[in-house]
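Visitor: What follows is a single structure, and I will ask about it in a moment.
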Amino acid sequence: MASARNLWLMALVSFAALPAQSRSIARAPPFNEIPLPLQDAAKTKEHFEQIPLPPQVPAKIRMSDPPADLEYGKLVKMRYGPYVLRPNAMYHAPFVGGPIIHKPCEECFLGAFQGDMEYEDGSSANVDTGVYLHHFVVVNSNKIDMLCKQEPSPKVPTGWFSPQYIYNSGNERPPVRLNSKFNFGMRVDKADSFTAMTEILNMSNDTKVVYTTVIYEVIPLNAPGYKEATHLRIDVTQCGGSHVPALKGDYTYTSKEYVSGYSGVILHTDGHGHSGTTDVNLLINGTAFCNSVQYYGLRPDWVQPASIAMRHDSNNRNGMRFISDAGACEDYGRIEPYDRLSTVAYYDESKHSQLMMHGRLDAQMGIHFLYIGRDDAGENLKVSESYRNWTRPMPPWFKNNVPSKTAKRPQ
Ligand SMILES: [Cu+2]
């Protein structure tokens, strides 16, 4: 056990060469940098290449991309692991109290996130070779989640779900940008400590060794004009674990409404579900604000050959396409105090197979990963004060969600 835990601490960092146009400008102060061994560029192949995408799908972020903020931003890649995956088994790290992972900086703003998974040599680890990144969720144990802190689920001890969510990656590996239009980022302070809720499924008959990775855009705390972003994770279960049972056929899950205590701009939101999900919608005051269509197999790494898929495809089709991209809504719209936010997730097994594991349907999820830039987030606001100042309680009827079949499917 001890040695396995030590492996966790082997998180490595790499830096891409800054693009030519930014070499002459001021660079961010040095961070906690550990060089990553050079990878064989040819093996990273096309899985992050910019292919023609539906208009609502943001391009995945590559280390060769310039940062959104050419003056103060710097892309940093962290590599976490290794995870040694037994054949046909799930790797699971506990939700909270899991292993500590390295932060991409001692103190900074995080303006962008891009999750991924790779093998030792840096090549893509995905469902085409039998490994599925169920989720990799970066959590800050030293800060309190802005949405969940008030009312943990009755099923779990008080405070269990309080840590602050930073970034959520399912196998679709969503790119998140918080600083492309406005100067916001998730704030990291010296005392902060990151952990990662992790589940990785090995569908193959071979033992696999994989690493999770996150590319972060790191911005120094003293970069002019930057403010702390606020992450509100609008989950159909809301604060108490995200899994909901997969049902047969065509069904939906609807969250209760969360009443906003804030005003601010919407920086980013994207929807997350598992195989079988067609859309995940964010509703503001009962009206669909963001329809996050789930796209399957737009990239070759997200298409699984029949030899592996035959045991995991609820429709027993000839090969299985997995969610490779999710529609996102970025840099438009606002939320105001008393706005009611909710998520409706739609599933249709006849359109997209659900995932089977050991002969049973794997659990579903329905979440919108919403990030806002609050009007009251003063420049370089001390996070502890902003948390203390947030006093709006969750409404008493904001309890654990129950499945709803009444939601109307988006047109
Ligand atoms: Cu999930």
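The values are calculated or read from the model by the stated rules, or taken from the named source; none is laboratory data. No experiment lies behind these values; they were computed from the predicted model shown. Neighbour counts are summed over all protein chains in view; Cβ atoms, including those assigned to glycine, are modelled from backbone coordinates with ideal geometry.
Visitor: Among the residues of the stretch 204-237, which ones are within 16 Å of the ligand (Cβ to nearest atom) and either in contact with a helix residue (DSSP H, G or I) (Cβ under 7 Å, 6 or more places away or on another chain) or not in a strand (DSSP E or B) (or both)?
Guide: Across the stretch 204-237, the qualifying residues are V236, T237.
Visitor: What are the pairs with Cβ atoms under 7 angstrom where one residue, in the stretch 267-279, is over 28 Å from S180 (Cα atoms) and the other, located anywhere, is within 15 Å of the ligand (Cβ to nearest atom) and among the small types (G, A, S)? Sequence gap at least six, or different chains.
Guide: Pairs that qualify, where the first residue is over 28 Å from S180 (Cα atoms) and the partner is within 15 Å of the ligand (Cβ to nearest atom) and among the small types (G, A, S), are G276/A246; T277/A345.
Visitor: A follow-up question, please. Under the condition of being out of contact with any strand residue (DSSP E or B) (no Cβ under 6 Å at 6 or more places or on another chain) and either buried (at least 24 other Cβ atoms within 10 Å of the Cβ) or of a type in the set (S, T, Y) (or both), which residue from the stretch 256-310 is nearest to S123 (Cα to Cα)?
Guide: So, considering only residues that are out of contact with any strand residue (DSSP E or B) (no Cβ under 6 Å at 6 or more places or on another chain) and either buried (at least 24 other Cβ atoms within 10 Å of the Cβ) or of a type in the set (S, T, Y) (or both), the one nearest to S123 (Cα to Cα) is S307.
Visitor: Something else now. Filter the stretch 299-346 for residues that are without any contact (Cβ under 8 Å) to a residue 24 or more places away in the chain and among the hydroxyl-bearing types (S, T, Y) and give the result.
Guide: Once the filter is applied, which keeps residues that are without any contact (Cβ under 8 Å) to a residue 24 or more places away in the chain and among the hydroxyl-bearing types (S, T, Y), the stretch 299-346 yields only S307.
Visitor: Starting from residues that are hydrophobic (A, V, I, L, M, F, W, C) and in contact with an Asp or Glu (Cβ under 9 Å, 6 or more places away or on another chain), keep the ones in the stretch 123-136 and report whichever is farthest from the ligand (Cβ to nearest atom).
Guide: It comes out as A125.
Visitor: Turning to a different aspect of this structure: Quick test for you: out of L18, L75, pick the one residue that is surrounded by 14 or more Cβ atoms within 10 Å (Cβ to Cβ) and modelled with pLDDT under 50.
Guide: Among L18, L75, only L18 is surrounded by 14 or more Cβ atoms within 10 Å (Cβ to Cβ) and modelled with pLDDT under 50.
Visitor: Considering only the stretch 270-311, how many residues are in a strand (DSSP E or B), of a type in the set (V, I, T) and more than 16 Å from the ligand (Cβ to nearest atom)?
Guide: Qualifying residue count for the region: 4.
Visitor: Restricting to the stretch 137-156, give me the number of residues that are modelled with pLDDT under 80 and within 15 Å of the ligand (Cβ to nearest atom).
Guide: Qualifying residue count for the region: 0.
Visitor: Restricting attention to the stretch 238-268, and to residues there that are within 16 Å of the ligand (Cβ to nearest atom) and in a strand (DSSP E or B), which single residue is farthest from C329 (Cα to Cα)?
Guide: Top of the filtered list is V244.
Visitor: Collect the residues in the stretch 328-373 that are within 15 Å of the ligand (Cβ to nearest atom), farther than 18 Å from Y296 by Cα and of a type in the set (S, T, Y), keeping them in residue-number order.
Guide: T343
Visitor: Which condition from (1) buried (at least 21 other Cβ atoms within 10 Å of the Cβ); (2) modelled with pLDDT under 90 is the one that S324 breaks?
Guide: For S324, the exception is condition (2).
Visitor: Of everything in the stretch 228-255, what is among the aliphatic types (A, V, I, L, M) and buried (at least 19 other Cβ atoms within 10 Å of the Cβ)? Give them in sequence order.
Guide: Selection gives A229, L232, I234, V236, V244, A246.
Visitor: Pull up the stretch 157-180, narrow it to residues that are outside any strand (DSSP E or B) and modelled with pLDDT of 70 or more, then point me to the one that is surrounded by the most Cβ atoms within 10 Å (Cβ to Cβ).
Guide: R173
Visitor: Does any residue in the stretch 365-386 that is under 26 Å from H274 (Cβ atoms) come within less than 9 Å, Cβ to Cβ, of a residue that is at pLDDT below 95 and among the basic types (K, R) six or more places away or on a different chain, and which pairs are these?
Guide: I367/R233; H368/R233; F369/R233; L370/R233; I372/R334
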